[in-house]
Amino acid sequence: ETGVTQTPRHLVMGMTNKKSLKCEQHLGHNAMYWYKQSAKKPLELMFVYNFKEQTENNSVPSRFSPECPNSSHLFLHLHTLQPEDSALYLCASSPSNQRETQYFGPGTRLLVL
Amino acid sequence: TQLLEQSPQFLSIQEGENLTVYCNSSSVFSSLQWYRQEPGEGPVLLVTVVTGGEVKKLKRLTFQFGDARKDSSLHITAAQPGDTGLYLCAGEEYNFNKFYFGSGTKLNVKP
């Protein structure tokens, strides 16, 4: 247990579906992150939130829409995904501006058919 | 080309053997972190090295940061099956405030 939970752990969706991934941290951190992990590629940082404000968007397609209602919760809304979006989506949190101290959730394994 | 290159990509060894994995870059890093990720789980932070030449030990794991802060190594003594996993290095590039992960070394320790 790292103090970061993610739901669901597994998700299969069609290209026309809309779904959401949820992340919750119980560590009192103020920064939260979404990463994509594909086979044979480094972790790709997608979004960064600091004190609920988005501070980084690394050219992520608009079919991925993040939401951070408070410092403890982070969502990733998915819409009209492509099969190449199939991957492990990891959420992490850290004290504000301390990327060297990130705690990761277990991830959501997403399969897009 | 990745900013953090890890080698080897794959390593399969017998229980009891020693091993070293590497994380190299042509850039200087403010700090480097090592994570271990087990199948079906997220990465877990093992250590952070900050000072050039720094050596940190965590039981059978020894981490070293290069003098120029461009590279790091992880040495495991007497590997055990519980060491099996994906080892990732990560760090913030000095003066650029950009954070990178390496692509990892997948270690399999056979009983």
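Residues B:Cys89, A:Cys23, arranged from fewest to most other Cβ atoms within 10 angstrom of their Cβ, appear as A:Cys23, B:Cys89. Computed over chain B with a Gaussian network model linking Cα atoms closer than 10 Å, the most mobile of B:Leu32, B:Leu88, B:Leu61 is B:Leu61. Averaged over peptide A:100-110, the number of partner chain Cβ atoms lying within 10 Å of each residue's Cβ comes to 4. If you take the Cα centroid of segment A:4-53 and the Cα centroid of segment B:1-18, the two points sit 27 Å apart. Partners of A:Lys52 within straight-line reach, counting lysines whose Cα lies under 18 Å from its Cα and excluding those fewer than 8 residues away in the same chain: A:Lys22. For the residues of B:40-48, the average number of beta carbons from a partner chain within 10 Å of their own beta carbon is 6.
For the protein assembly as shown, with the dipole built from +1 on Lys and Arg beta-carbon atoms and -1 on Asp and Glu ones, taken about the Cα centre, which of B:Ser27, A:Gly3, B:Leu58 lies farthest toward the positive end? Toward the positive end, the furthest listed residue is A:Gly3. Take every DSSP beta bridge whose two residues both sit in chain B; close to 90 percent of them are antiparallel. Shown here for segment A:1-95: GluC sites (Glu not before Pro) in loop regions (DSSP other than H, G, I, E, B) with at most 13 other Cβ atoms within 10 Å, namely A:Glu1. Ordered by the number of other Cβ atoms lying within 10 Å of each residue's own Cβ, fewest first, B:Arg36, A:Arg109, B:Arg60 fall into the sequence B:Arg60, A:Arg109, B:Arg36. For chain A, the dipole from Cβ point charges (+1 on Lys and Arg, -1 on Asp and Glu) about the Cα centre works out to 320 debye, to the nearest 20.
Sequence-ordered 3J(HN,Hα) estimates for segment A:44-55 from the Karplus curve with 6.51, -1.76 and 1.60 and θ = phi - 60° stand at 10, 6, 9, 9, 10, 10, 10, 6, 6, 9, 6, 10 Hz, glycine and proline given as x. On the beta carbon distance between B:Asn24 and A:Ser20, with R0 = 41 Å, the FRET formula returns roughly 0.60. Cysteines of chain A lacking any other cysteine Cβ under 4.7 Å from their own Cβ: A:Cys68.
Computed on segment A:39-113, with alpha-carbon pairs under 8 angstrom and 6+ residues apart, the relative contact order is 22 percent. Full extension of the segment from A:Val12 to A:Arg109, taken as 0.36 nm per residue of separation minus the current Cα-Cα distance, would add 34.1 nm. Taking B:Glu17, B:Glu93, B:Glu41 as the candidate residues, the one with maximal mean-square fluctuation in a Gaussian network model of chain B, Cα springs under 10 Å, is B:Glu41. Mean projection of the Cα convex hull over all viewing directions, computed for chain A: 6.4 nm². Checked against a 25 Å cut-off, the cross-linked pairs A:Lys40/B:Lys110; A:Lys18/B:Lys106; A:Lys18/A:Lys40 give Cα-Cα distances beyond that limit for A:Lys18/B:Lys106; A:Lys18/A:Lys40. Model label points for A:His77 and B:Glu38, set 7 angstrom from Cα along the Cα-to-Cβ axis, are 3.6 nm apart.
Only the coordinates and a few stated rules stand behind these numbers; no lab work does. Quick caveat, the model's predicted, so the values are computed rather than measured. Using ideal geometry, Cβ is built from the backbone for each residue, glycine included, and neighbour counts are taken over all protein chains shown.
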